[in-house]
Amino acid sequence: MTEPFPPKLTDPKALARARARARLDRAGFLHDEVKLELEERLADVNRRFTAPVLIAPFLEYWADFMPEAPRVLPQDDLGLTEGAHDLVIHAMALHWADDPVGQLVQAARALKPDGLFLGVFFGGESLTELRDVLRQAEIAVMGGLSPRVAPMGDLRDMGGLLGRAGFALPVADTLRKTISYRDIFHLIGDLRDMGETNVLDARHRAAPPRDLFTRADEIYKKTYPFEENRIRSTVEIVFLSGWKPDASQQKPLRPGSAQARLADALGVTEFDETARPVENGS
């Protein structure tokens, strides 16, 4: 039997259950930080948006962010009206999308010409420590491996998706944070409260033995210690931005078409790599 293409990443029923159990009132600090970052980025754009839309998995928690914007759950079909919005924000959900390009294409279609897309999600450097210690512990306790942490995309891959989706002036950048925990159990507790537990379609369905996480905690404390007998966990948050193409937007110049030298504009002397150094006394 041939596998479907693109391959299925997420078990949608498990993802829905994880989000229903989430307690962002206890572990919403990363969502709060993302809100502040998005507010700053929108302020830098210095434009008034009159027809925004917000795509997010936890609509109530995001109700205070651009409250005038309609809010949409991140489903395969977003149900957005073509050309209806001047701003589309896709918040904290693309890392679980089976078809992230499809999500970006739908966002691009929903934008008016010169409309702005902002996307934010967990990137590939997130939970690298947890990924490593679970791998080591599972080999030691169970004699094999199974998927336990989602394979999040890296910055270059995700940035390239903007161009594939048809956005102009694409930009991708990251915010990295180090969070400390008392032990692996408190880390997993936060992930559960964030709705970010293992919902991979290829995950091992049987309940893991308790020894697995006890062993993983021991490895974690030895391999990734932090201050005051705690452990560290890396979080990478990726921000994407792109514009719906429009004739009014700036276009990059053709190579060699500049009319002035950069050195003249900066008031500095241009360095000539072919010149020979002048010796003292010459």
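The values are calculated or read from the model by the stated rules, or taken from the named source; none is laboratory data. Bear in mind that the values here come from a model prediction, so they are computed numbers and not experimental data. Neighbour counts are summed over all protein chains in view; Cβ atoms, including those assigned to glycine, are modelled from backbone coordinates with ideal geometry. All accessible areas refer to the heavy atoms of the entire protein, side chains included, with ligands and DNA or RNA removed. Shrake-Rupley method; radii C 1.70, N 1.55, O 1.52, S 1.80 Å.
Numerical summary
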| item | result |
| --- | --- |
| With all protein chains modelled, accessible area of Lys244 [1.4 Å, Å²] | 50 |
| Contour excess over end-to-end distance, with Cα ends at Glu33 and Ala247 and 0.36 nm allotted per residue | 73.6 nm |
| Shape of region 1-84, Cα gyration tensor, a/c cut at 1.5 | oblate |
| Cleavage-rule hits, GluC sites (Glu not before Pro), region 23-126, DSSP coil, Cβ neighbours within 10 Å at most 14 | Glu60, Glu68, Glu82 |
| Neighbour net charge for Asp44 - beta-carbon separation under 14 angstrom, K R +1, D E -1 | -1 |
